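Before any comments, here is the structure.
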Amino acid sequence: MQSITMKTIYKLLFIFTCFTITNAHAQTPKEKGLAAIDEATINSTLTHLASDWMEGREAGRPGAYRAAEYIASLFEFMGLEPAGDIINGKPTFFQSFDVLEYKAAKKQSLSITSAGQEYSFAYHTDFEVKAAPTSIKGKGDLVFVGYGLAVDSLNYDDFAKQSVKGKIWVRLKGAPTKGELGKSFKELPAKQLHLLKSKLAEEMGALAVIEIDPNSALPKQSSNFPFRDNRKYYEGDEPLSSFYETQLYSPINKVSKIAPVFMGGAYLMASLLDQKDLETYHNALQSGKASQITLKAEKAAFKANSEVERKRVRNVLAKITGEEEPDSVVMVGAHYDHLGKRDGYVWNGADDNASGVAAILGIAKAAKATGVKPKKTILFASWTAEEKGLHGSKHFLRTYEQKENINVYLNFDMIGRRGDWHSKDNQVSFIYTAEMASIWDKNERNIADFNINLEMFDGKTKMGEAGGSDNVNFDKEGIPYFWYHTGGHEDYHQVSDHSDKIMMDKAAEITKLSYLNIWDLANE
Ligand SMILES: [Zn+2]
């Protein structure tokens, strides 16, 4: 009896001890989710997305279709709900939309008429063409428009007292650089100036633009091989085809309004204006006087030929519906598209941005592993056509009906390397809407509480000043965002952005931290 009693006591003790141990170590749902993310979570999906099978995932091409199918299948495998287009009454994981893909055709022509004599120029030698989304030919009067800029805050207007509509503009590249005026222009972001120039050409009705570089000089030596790519040891008679020669345009916008831009070198410039006149013009600008240049030619004629294809592209969308506030949404996104393949090269885009897609898949896995539903809805998006103008996220926001319900957007773009400006492996830039400063504290708290091996750089950015990736479109809508970025490096947008160079452990740490923040935000 005694022995039995003792046995029972031991048994009870054992059960009791086990119970206490399990109880002390019982994981919260948040911890369960965290335990689901490790290096393999990142490595598995990243390596596949950045493999040659995906052919560089260029929007509208087979590789991107394959990548989207893969991402959607993983969302479905993990038990997420589809949040894309509804087809035959059933929601799907894809949100499809059309874009116009265009590039300059092989034949382009440009000529000017000076004193009744017509001169034509050679494409690729005397000028290059920035194509428009449609072929345009035209003839018209030439007009010198200076830098083609008008900036109220600087009291600067190149169009004052000039009729420029329907004419072919001769425009200087860049912005004024000299004197006080130059200084004020330097303070404006270069990208904004560039966009402003295009916008003004559109609004003021330029028929075409001939843009000349005021600093260009005729080359001292001629080269046998005009087309080089030093990184690839390429020297050829024909230019290598490039991702950047094709562009995307949304067919919902008017195609006809965009003027083609002819970019000319020294020879074209010399045919259009006198160097001395240009100096006088710049001197006048510095002293704040308006001046004009009399061009050496009166008229120009051109054919800007574009090859245009209409293409269907797709975002991938999935969600976990919130238990208590399903209409309240926290969003997680990363673009899956990259630069494609051409001329025997594949741009695998391991860091840009297979790494970001691997992170959102990791967060989805963790959110499901919590075993509970979040309070708010978590919406996952893998964007297309980011590389060609942030089109995927733009389309989503244009059509999403409950924009005001999106509390916050977490973006990923390149989280797998040690960037040029970082001195330690575990450093990462944390970029976020300055007006939502609490996200920094949340981030710091999760790093400390969960022992995350990351050192953060504070990249707070005022609302309306976002740059770089799909976060820009959310910023424009006034939706606060945050994103992780491990920085630029020598393989950025090169064929060498391969998965064997990715720091999988670091990407996993970033994914863990992102999940912790998103889980908190979805349960607030
Ligand atoms: Zn990217």
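The values are calculated or read from the model by the stated rules, or taken from the named source; none is laboratory data. The model shown is predicted, which means the values in this text are computed figures rather than measured ones. Reconstructed Cβ throughout: ideal geometry from the backbone, glycine too, with neighbour counts over all protein chains shown.
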> List the pairs whose first member sits in the range 273-288 and is not assigned by TED's automatic domain parsing to the domain that holds Leu142, whose second member is assigned to a helix (DSSP H, G or I) and small (Gly, Ala, Ser), and whose Cβ atoms are under 8 Å apart, counting only residues at least 6 apart or on separate chains?
Replying inline: none
> Taking the range 94-126 as the region of interest, how many residues are over 25 Å from the mean Cα position of the chain (by Cα), part of a strand (DSSP E or B) and surrounded by 21 or more Cβ atoms within 10 Å (Cβ to Cβ)?
Replying inline: 2
> Considering Asp458, Asp413, which residue is away from the ligand (no atom under 16 Å from the Cβ) and among the acidic types (Asp, Glu)?
Replying inline: Asp458
>> So, in the range 67-93, exactly how many residues are touching an Asp or Glu at 6+ places or on another chain (Cβ under 8 Å) and surrounded by fewer than 17 Cβ atoms within 10 Å (Cβ to Cβ)?
In response: 1
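Residue-wise test of (1) within 16 Å of the ligand (Cβ to nearest atom); (2) within 16 Å of the chain's Cα centre (by Cα); (3) at pLDDT 95 or above.
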{"position": "Ser328", "(1), (2), (3)": "no, no, yes"}
{"position": "Gly333", "(1), (2), (3)": "yes, yes, yes"}
{"position": "Arg342", "(1), (2), (3)": "no, no, no"}
{"position": "Lys376", "(1), (2), (3)": "no, no, yes"}
>> Quick check on the range 428-446: of everything there that is under 22 Å from the mean Cα position of the chain (by Cα) and not aromatic (Phe, Trp, Tyr), which residue is farthest from the ligand (Cβ to nearest atom)?
In response: Ala434
> Which members of the range 354-372 meet the condition of being within 16 Å of the ligand (Cβ to nearest atom) and hydrophobic (A, V, I, L, M, F, W, C)?
Replying inline: Ala354, Val357, Ala358, Ala359, Ile360
>> Anything in the range 174-219 that is modelled with pLDDT of 90 or more, part of a helix (DSSP H, G or I), surrounded by fewer than 19 Cβ atoms within 10 Å (Cβ to Cβ) and of a type in the set (Gly, Ala, Ser)? List them, or say none.
In response: Ser198
>> Here are the criteria: (1) closer than 30 Å to Asp497 by Cα; (2) modelled with pLDDT of 95 or more; (3) away from the ligand (no atom under 13 Å from the Cβ); (4) polar (S, T, N, Q). Tell me which single one Ser423 does not satisfy.
In response: (2)
> Taking the range 23-57, which residues are modelled with pLDDT under 55 and either surrounded by 10 or more Cβ atoms within 10 Å (Cβ to Cβ) or small (Gly, Ala, Ser) (or both)?
Replying inline: none
>> Anything in the range 482-498 that is more than 15 Å from the ligand (Cβ to nearest atom) and in contact with a Leu (Cβ under 7 Å, 6 or more places away or on another chain)? List them, or say none.
In response: Phe482
>> On the basis of being in the same structural domain as Asn43 (by TED's automatic domain parsing), within 16 Å of the ligand (Cβ to nearest atom), buried (at least 24 other Cβ atoms within 10 Å of the Cβ) and hydrophobic (A, V, I, L, M, F, W, C), does Ala385 make the cut?
In response: yes
> Residue check, Val170 against (1) farther than 18 Å from Gly265 by Cβ; (2) over 28 Å from the mean Cα position of the chain (by Cα); (3) at pLDDT 90 or above, all met but one. Which one?
Replying inline: (1)
>> Considering only residues that are free of Cβ contacts under 8 Å to residues at least 40 places away in the same chain and not basic (Lys, Arg), which ones fall in the range 439-448?
In response: Trp440, Asp441, Glu444, Ala448
